[in-house]
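Engineer: Please read through the structure below; I'll follow up with questions.
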Amino acid sequence: MITPLTQTITADVKGDSTAIYWLDERQGFPETLTERVMMGDYGSYASEYRFRKGVVREIQRDGNILVDGKVQPISLLIRYDSEGQAVYQQYRLNGDLLPVRGTELVRYSREAEQSLAMARELHSNGRDFFQGYWNEGQFEECGSGKEKALEFESDLPGYIVQRLSQEDNFLAAAGKVGRNLNVVEEVIALDSDSAECFTRPSFKS
């Protein structure tokens with residue numbers, strides 16, 4: 001019998017940078033961690049880290065990041081062996097195929113470990129990601145369509161609370177997810193009710 005995957009979705013906001021994490025684990029071991037990172041004027045990217053027996057074995061990344069003063073498209077694929085040595089690498093910047101230095105290979109592996117630790121820590125602290133549509137005081141979650149009550153932390157900016165009280169909106173947030181009540185601790189996105197829900201980035205392995 002195959003043990004089912006456990007999935008957690010959480011998010012972190014630091015200044016102008018926001019990260020959303022989708023983590024799949026089986027029996028306490030990570031299998032796949034996907035992240036969507038939005039950095040305002042510095043670009044955005046999505047990464048997927050694939051693990052085997054708790055060790056990162058593959059990293060993929062696509063997006064647009066600030067390089068030499070310009071936001072440029074990047075794509076990255078690195079495969080590691082069981083000893084943590086890179087056995088395959090492909091890095092493209094603005095369409096050009098470039099080598100990846102050894103120090104960068106180590107850095108990307110470390111980023112995978114840091115993102116995993118962050119996703120686990122956020123979830124253990126009750127900081128999960130949720131999103132949905134706020135209509136006439138009722139919050140309908142993306143995906144499930146379940147209607148819930150929302151509670152807002154008192155230190156949210158007044159204009160956010162005011163806007164939510166006046167208009168129909170799409171809201172994505174980090175906070176506590178309950179059966180019938182979600183608590184908004186940090187707002188990740190606030191848009192018109194025509195905005196689409198965030199989806200987990202997909203990669204071809």
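The values are calculated or read from the model by the stated rules, or taken from the named source; none is laboratory data. What you see is a predicted model; the values in this text were computed from it and never measured. Every residue, glycine among them, receives a Cβ derived from its backbone with ideal geometry; neighbour counts consider all protein chains shown.
Engineer: Being in a strand (DSSP E or B) and assigned by TED's automatic domain parsing to the domain that holds L23, is that true of even one residue in segment 97-104? Can you show your working first?
Structural biologist: Just the residues of segment 97-104 that are in a strand (DSSP E or B), to begin with: 97-98.
Now drop any that are not assigned by TED's automatic domain parsing to the domain that holds L23, which leaves 97-98.
The answer is yes, given that some residue of segment 97-104 is in a strand (DSSP E or B) and assigned by TED's automatic domain parsing to the domain that holds L23.
Engineer: With the requirement that a residue be charged (D, E, K, R), over 21 Å from the mean Cα position of the chain (by Cα) and not in a strand (DSSP E or B), what does segment 151-205 give you? Before you say what the answer is, go through the steps one by one.
Structural biologist: Residues of segment 151-205 charged (D, E, K, R): 151, 153, 155, 163, 167-168, 176, 179, 185-186, 191, 193, 196, 200, 204.
Right, trim to over 21 Å from the mean Cα position of the chain (by Cα) and you get 151, 153, 155, 163, 167-168, 179, 193.
Those that are charged (D, E, K, R), over 21 Å from the mean Cα position of the chain (by Cα) and not in a strand (DSSP E or B): E153, D155, R163, E167, D168, R179, D193.
Engineer: Where the second residue is surrounded by fewer than 19 Cβ atoms within 10 Å (Cβ to Cβ) and in a helix (DSSP H, G or I) and the first is touching a residue at least 40 places away in the same chain (Cβ under 8 Å) and of a type in the set (D, E, K, R) and lies in segment 115-134, which pairs have Cβ atoms under 9 Å and are six or more apart or on separate chains?
Structural biologist: R127/E121
Engineer: Pull up segment 171-199, narrow it to residues that are closer than 17 Å to V37 by Cα and touching a Lys or Arg at 6+ places or on another chain (Cβ under 8 Å), then point me to the one that is surrounded by the fewest Cβ atoms within 10 Å (Cβ to Cβ).
Structural biologist: L190
Engineer: So, of the residues in segment 67-92 that are in a loop (DSSP other than H, G, I, E, B) and not acidic (D, E), which turns out to be modelled with the lowest pLDDT? Walk me through it before giving the result.
Structural biologist: Taking segment 67-92 and keeping what is in a loop (DSSP other than H, G, I, E, B), we get 68-69, 81-85.
Filter again for not acidic (D, E), leaving 69, 82, 84-85.
On the way: G69: 88, S82: 87, G84: 84, Q85: 88.
By that ranking, first place goes to G84.
Engineer: Take the residues in segment 11-50 that are in contact with a helix residue (DSSP H, G or I) (Cβ under 8 Å, 6 or more places away or on another chain) and free of Cβ contacts under 8 Å to residues at least 60 places away in the same chain, then tell me which one is surrounded by the fewest Cβ atoms within 10 Å (Cβ to Cβ). Let's see the steps before the verdict.
Structural biologist: Pass one, segment 11-50, residues in contact with a helix residue (DSSP H, G or I) (Cβ under 8 Å, 6 or more places away or on another chain): 11-12, 16-17, 19, 21, 23, 30, 33, 35, 47, 49.
From what's left, free of Cβ contacts under 8 Å to residues at least 60 places away in the same chain: 16-17.
Working: D16: 10, S17: 13.
Within segment 11-50, the match that is surrounded by the fewest Cβ atoms within 10 Å (Cβ to Cβ) is D16.
Engineer: If you check every pair at least six apart or on different chains, which have Cβ atoms under 9 Å apart with a residue in segment 164-183 that is more than 15 Å from S144 (Cα to Cα) first and a residue that is part of a helix (DSSP H, G or I) and basic (K, R) second?
Structural biologist: N169/R163
Engineer: Can you tell me which residues in segment 62-90 are of a type in the set (S, T, Y) and either more than 14 Å from Y45 (Cα to Cα) or exposed (fewer than 13 other Cβ atoms within 10 Å of the Cβ) (or both)?
Structural biologist: Residues of segment 62-90 of a type in the set (S, T, Y): 75, 80, 82, 88.
Listed by number, the residues that qualify are Y80, S82, Y88.
Engineer: Name every residue in segment 35-66 that is of a type in the set (A, V, I, L, M, F, W, C) and assigned to a strand (DSSP E or B), in order of residue number. It would help to see each step written out before you state the result.
Structural biologist: Narrowing segment 35-66 to residues of a type in the set (A, V, I, L, M, F, W, C): 37-39, 46, 51, 55-56, 59, 65-66.
Result: V37, M38, A46, F51, V55, V56, I59, I65, L66.
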